[in-house]
1. Which cross-chain or sequence-distant (5 or more) residues have an amide H under 5 Å from the amide H of residue 254, H modelled 1.01 Å from N in plane?
2. Along segment 21-33, what does the Karplus equation 6.51 cos²θ - 1.76 cosθ + 1.60 (θ = phi - 60°) give for ³J(HN,Hα), rounded to whole Hz, x for Gly and Pro?
3. If I compute percent of Cα pairs over 31 Å apart from the structure I just sent, which labelled value in [x] 30; [y] 44; [z] 35 lines up?
4. Quick one: order 163, 217 by neighbouring beta-carbon count within 10 Å, fewest to most.
5. Run lengths n ≥ 4 of DSSP H only: what is the helix-derived mean residue ellipticity at 222 nm for the chain, with -39500 (n - 2.57) per run over all residues, to the nearest 500?
6. Tell me, what ³J(HN,Hα) does each residue in segment 147-155 have, in order and in whole Hz, if you take phi through Karplus 6.51 cos²θ - 1.76 cosθ + 1.60 with θ = phi - 60° and put x for Gly and Pro?
7. Name the long-range amide H neighbours of residue 72: under 5 Å, sequence gap of 5 or more, or other chain; modelled H, no Pro or chain starts.
8. How far apart, in nanometres, would the label points at residue 256 and residue 7 be if each is projected 7 angstrom from Cα along the Cα-to-Cβ direction?
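What follows is calculated from the coordinates using simple rules that are stated; it is not laboratory data. Because the structure is predicted, anything quoted here is derived from the model rather than measured. A quick note on method: Cβ atoms are made from the backbone with ideal geometry, for glycine too, and the neighbour counts reach across all protein chains shown.
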Amino acid sequence: MTRWVAHTLTLDTRRKYQLTRDRTRLQNQLESLLEETHIKLSSLVSDLLGASARRMLQALADGETNPATLAALAHQRLRATQEQLRNALGACTELNPVYRRLLKMALEELELIELQIGQLDREMAGLLSQHQEAVRRLAEVPGLGADSAQQIIAEVGAKAATFPSAEQLSSWVGVCPGDDESAEVSHSHRSPKGNRHMRRILNQAANAAVMAKGSIFEIVYRRLVPRLGHNQAIGAIAHRLCQLIWMILHRGVRYEERGPEVNQRAKRKRTVRMIRELRNLGYQVEPASQLSNPV
């Protein structure tokens, strides 16, 4: 990976992170706006920015006031019934034009943010086309995914070649335990300062990994959390993930789950989800069997 490609990837991934935060902020603003207008849609849909909710909100912003017409825009698989949706949308018949205008502005801003995220995804997929296999290997790790894999490669490179060992990568990231000692007494176990972007990615991945049922990360977390507490246990998982990332990139190996409760069905479901994520980002991926050199 050339220096120019690495620099462009870093800028793109950090910009996408900011846009994703903006999207979350906008979603929270939409929920507050609907609560203020007594429209209870968020209590019936799992994702306020999903397809069904988006159609209803867009129609509401465009001037529709009939709750039954709005409710009919929901997908058939939505768990909420038409009667529940009509009741939740009842306040739209008296919606103040000011709120309608604010809703329309929020939806337009959301569309722009998603357009920019899509453009960044396509650009990153093009820049990483030669390292597609590295992205896929990282995306197989519990807690990570296609998007996290791209961010990691943007920060450390497709082979982590700058770091001769996993310990050096952990030190650079800042996820190894600190060694503030005096007279053989440890005063602090804080990790040293490092790359805050990688530390953020690893902390998010660690929190997701310990939620993977039957995974080795869940088992290690349950063993550590009574003694260390949640934050330090997550830090330990992030450290393990960092070492694992170095092995996958530097040695070209693949991840294989060692947790005792993981079955073939769970593996297939995760593989299908990972392939779908990669395709959505613009990669050309076909299902393939696990290679013979697992981590």
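1. For residue 254, the qualifying residues are 293, 295.
2. Residue by residue, segment 21-33 yields 5, 4, 5, 5, 4, 5, 4, 5, 5, 5, 4, 5, 5 Hz.
3. Given [x] 30; [y] 44; [z] 35, the structure-derived one carries the label [y].
4. Ranking 163, 217 by Cβ neighbours within 10 Å, fewest first, gives 163, 217.
5. -20000 deg cm²/dmol
6. With coefficients 6.51, -1.76 and 1.60, one gets 5, 5, 4, 5, 5, 5, 5, 5, 8 Hz.
7. Amide H neighbours of residue 72: none.
8. Calculated label separation equals 4.2 nm.
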